[in-house]
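Participant: One structure is given below, represented as structure tokens, and several questions about it will come after.
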């Protein structure tokens with residue numbers, strides 16, 4: 001069955017492997033035509049495929065993954081091709097200069113590959129303090145070399161490919177190399193973000209690439225080539241991650257960071273050479289919806305995503321939320337009250353407890369203490385008729401802590417990829433350079449991350465109690481990324497892959513999509529289309545112009561401070577379902593961004 005997307009975006013690769021043939025599949029990439037994707041809010045049709053599917057944030061990236069799957073590649077193979085193209089066409093969100101979390105499922109087994117950036121060995125908890133020991137303003141910390149962590153995406157993908165790849169590593173770089181050399185059309189979203197960024201021009205290399213000689217952003221649809229990136233990708237294709245982490249490219253990264261004229265950083269050649277991805281145990285919880293039992297699997301700390309999503313959904317299951325259906329296709333004020341209160345409780349725990357597990361002990365000796373049904377039931381009892389406005393952290397059984405909660409800080413950036421292949425594998429990968437365009441430092445055709453600003457700028461509170469997510473050498477900063485796989489509890493079969501960009505709001509975008517599909521019975525596209533909402537343990541946040549005034553007023557009558565705002569999620573999701581009486585994958589991509597789904 002063909003995908004319902006109106007265009008294949010070009011010629012397809014041929015699958016060369018025959019059944020029973022001992023040789024590996026071969027892959028020949030064909031650059032597609034490049035239609036101009038829309039920006040703003042553009043309705044997406046939803047997609048249906050029979051065998052495999054890939055959902056990513058840009059049509060060129062999706063197409064690269066599709067061609068890899070068509071050629072017999074695995075989900076991990078396709079993710080590598082997608083990520084390399086995203087480095088080129090969506091440089092503001094992710095790339096080889098950043099980090100990623102990858103969840104992989106095969107045969108009922110879920111694995112978590114941690115490619116999160118690390119703090120340099122020379123960094124300490126004073127990294128983001130000024131001369132008077134006060135935290136820097138956020139973008140004073142971001143822009144320059146100070147915020148750059150050791151990138152981990154390429155080395156993590158290399159680890160995953162060794163275990164789950166079917167096509168040769170080098171072949172997976174061909175789409176991005178070909179597009180970088182031949183050029184790609186600037187999308188509306190890239191144009192808009194380049195035009196509106198206040199800091200990108202401060203780097204002469206980035207200014208020369210992203211802007212025309214007159215200083216204006218390249219026009220939508222204009223042809224942009226990146227031969228420097230193509231050369232770097234050729235090196236990585238031939239030599240592996242060593243090409244990025246050692247030698248000439250590594251030296252260029254270190255020089256860029258350490259020699260920044262106003263805001264130098266601590267990154268060293270030894271930091272780059274010594275980076276190691278980690279394989280962690282996926283964080284999976286039981287979840288019941290509409291008389292069906294699921295396993296929700298997400299990423300453990302240093303991500304806070306899976307814990308917070310699991311807490312929100314778990315707390316809601318101890319309320320009457322499930323008895324509150326959508327009205328006129330929208331969540332009701334009664335349901336939103338329960339959701340935002342559950343969110344406040346989850347974010348209070350997140351601020352106190354969650355950080356890199358190699359540096360911080362989990363409460364009660366296990367991160368699962370925060371997801372224990374009895375604990376969540378006790379937290380749910382704190383929800384009353386009126387908003388608590390700001391929740392306090394809880395104390396799971398056996399918890400002893402002298403830590404202080406982390407103050408609220410901005411979080412940005414990121415891209416999400418969901419893939420199911422024809423071999424029975426599925427993955428969810430969320431990938432980032434943090435803020436839009438990262439540290440605004442461009443090296444050899446790619447941008448460096450500002451991931452260290454995901455640490456708390458303040459290392460302690462006013463009383464001197466340490467903050468769990470403070471800067472420490474070699475530490476991974478806390479993340480909100482929430483790549484999620486949903487499994488049938490009884491069989492272990494993967495039923496869904498999903499996730500989103502969006503900083504701390506990733507947690508709410510992902511929870512919304514899970515609740516919409518599993519509790520309200522929506523298709524992935526319908527769930528993604530729902531208006532966004534949430535709370536970071538402060539105001540109730542609603543996507544602007546998407547809720548009736550009566551809903552907003554009812555929340556205010558319950559004591560909530562309501563802020564209507566732009567909430568630009570970038571959700572991708574694939575869900576096992578039915579089409580024309582046959583098993584199928586149902587795909588959805590966020591109408592707020594440029595992503596599409598492709599598959600057969």
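Participant: Please state the shape class of the stretch 440-527: rounded when a/c is under 1.5, otherwise prolate if a/b exceeds b/c and oblate if not, all from the C-alpha gyration tensor.
Facilitator: Since a/c reaches 1.5 and a/b is larger than b/c, the shape of the stretch 440-527 is classed as prolate.
Participant: Taking Cα atoms of the stretch 369-510, Rg/Rh with Kirkwood Rh, to two decimals?
Facilitator: 1.03
Participant: Here's a follow-up. Under the √(5λ) rule applied to the eigenvalues of the Cα gyration tensor, what semi-axes describe the equivalent ellipsoid of the chain? Give them in Å, descending.
Facilitator: Semi-axes, largest first: 34, 30, 23 Å.
Participant: Continuing with this model, one more query. Quick check: convex hull of the Cα atoms in the stretch 104-228, volume per residue, rounded to a whole Å³?
Facilitator: Given the Cα convex hull of the stretch 104-228, per-residue volume reads 190 Å³.
Participant: Please report how far the C-alpha centroid of the stretch 112-167 lies from that of the stretch 265-337, rounded to the nearest whole angstrom.
Facilitator: 22 Å
Participant: Averaging over every viewing direction, what projected area does the convex hull of the Cα atoms of the stretch 98-171 cover, in nm²?
Facilitator: Its Cα hull, projected and averaged over all orientations, spans 7.4 nm².
Participant: Mind checking the full-extension length gain between residue 201 and residue 258? Use 0.36 nm per residue of separation minus the Cα-Cα distance, one decimal, nm.
Facilitator: 18.6 nm
Participant: Once you put a point 7 Å from the Cα of residue 270 and another 7 Å from the Cα of residue 130, both along the Cβ direction, what distance in nm separates them?
Facilitator: 3.2 nm
Participant: With viscosity set to 1.002 mPa s and temperature to 20 °C, compute the Stokes-Einstein D of the stretch 176-228, Rh being the Kirkwood radius across alpha carbon pairs; µm²/s, no decimals.
Facilitator: Working: Rh = 11.4 Å.
Once the numbers are plugged in, D ends up at 188 µm²/s.
Participant: Continuing with this model, one more query. Could you compute Rg(Cα) / (2.2 N^0.38 Å) for the stretch 392-473, with N its residue count?
Facilitator: The stretch 392-473 yields a ratio of 1.55.
Participant: Over the Cα atoms of the stretch 305-432, Rg to Rh with Kirkwood Rh, two decimal places?
Facilitator: Using only Cα positions, Rg/Rh for the stretch 305-432 is 1.02.
Participant: Working from the alpha-carbon coordinates of the stretch 235-305, get Rg over Rh, Rh being the Kirkwood radius.
Facilitator: Details: Rg = 20.0 Å, Rh = 15.8 Å.
Here Rg/Rh amounts to 1.27.
Participant: Return the FRET efficiency for the residue pair residue 291, residue 395: r is the Cβ-Cβ distance, R0 is 30 Å, and the value is rounded to the nearest 0.05.
Facilitator: After rounding to 0.05, the efficiency reads 0.35.
Participant: Nearest 500 deg cm²/dmol is fine: what mean residue ellipticity at 222 nm does the chain get from its DSSP H runs of n ≥ 4 alone, each adding -39,500 (n - 2.57), divided by its residue count?
Facilitator: -8500 deg cm²/dmol
Participant: How long are the semi-axes of the ellipsoid equivalent to the stretch 289-335, from square roots of 5 times the Cα gyration tensor eigenvalues, in whole Å, largest first?
Facilitator: Its equivalent ellipsoid spans semi-axes of 24, 13, 10 Å.
Participant: Grab the Cα-Cα distance for residue 374 and residue 493, subtract it from 0.36 nm times how many residues apart they are, and report the gain in nm with one decimal.
Facilitator: Length gained between residue 374 and residue 493: 40.1 nm.
Participant: Stokes-Einstein at 20 °C, 1.002 mPa s, Kirkwood radius from Cα pairs: D for the stretch 41-138 in µm² s⁻¹?
Facilitator: It comes out at roughly 128 µm²/s.
Participant: Something else about it: Using the Kirkwood formula on the Cα atoms of the stretch 302-372, what hydrodynamic radius do you get, in angstrom to one decimal?
Facilitator: 13.2 Å
Participant: Further question: Determine by what factor the alpha-carbon radius of gyration of the stretch 238-353 differs from 2.2 N^0.38 Å, reporting the quotient.
Facilitator: Normalised Cα radius of gyration, the stretch 238-353: 1.67.
Participant: Still on this model: Taking the mean number of other Cβ atoms within 10 Å as a proxy for protection, how do you rank 195-203, 72-80, 489-497 from highest to lowest?
Facilitator: Put in order of decreasing packing, that is 72-80, 489-497, 195-203.
Participant: Remind me, what semi-axes does the stretch 525-600 give for its equivalent ellipsoid, largest first in whole Å, using sqrt of 5 times each Cα gyration tensor eigenvalue? Present the calculation step by step, with values, prior to reporting the outcome.
Facilitator: Working: eigenvalues 213, 36, 20 Å².
For the stretch 525-600, the ellipsoid semi-axes come out as 33, 13, 10 Å.
Participant: At 0.36 nm per residue, minus the direct Cα-Cα distance, what do residue 28 and residue 460 gain on full extension? Give it in nm, one decimal, please.
Facilitator: Taking 0.36 nm per residue and subtracting the Cα distance, the gain is 150.1 nm.
Coordinate-derived values only; no laboratory data. Values in this document were obtained by computation on a predicted structure and should not be read as measured data. Ideal geometry is used to build each Cβ from the backbone, glycine not excepted, and the neighbour counts take in all protein chains shown.
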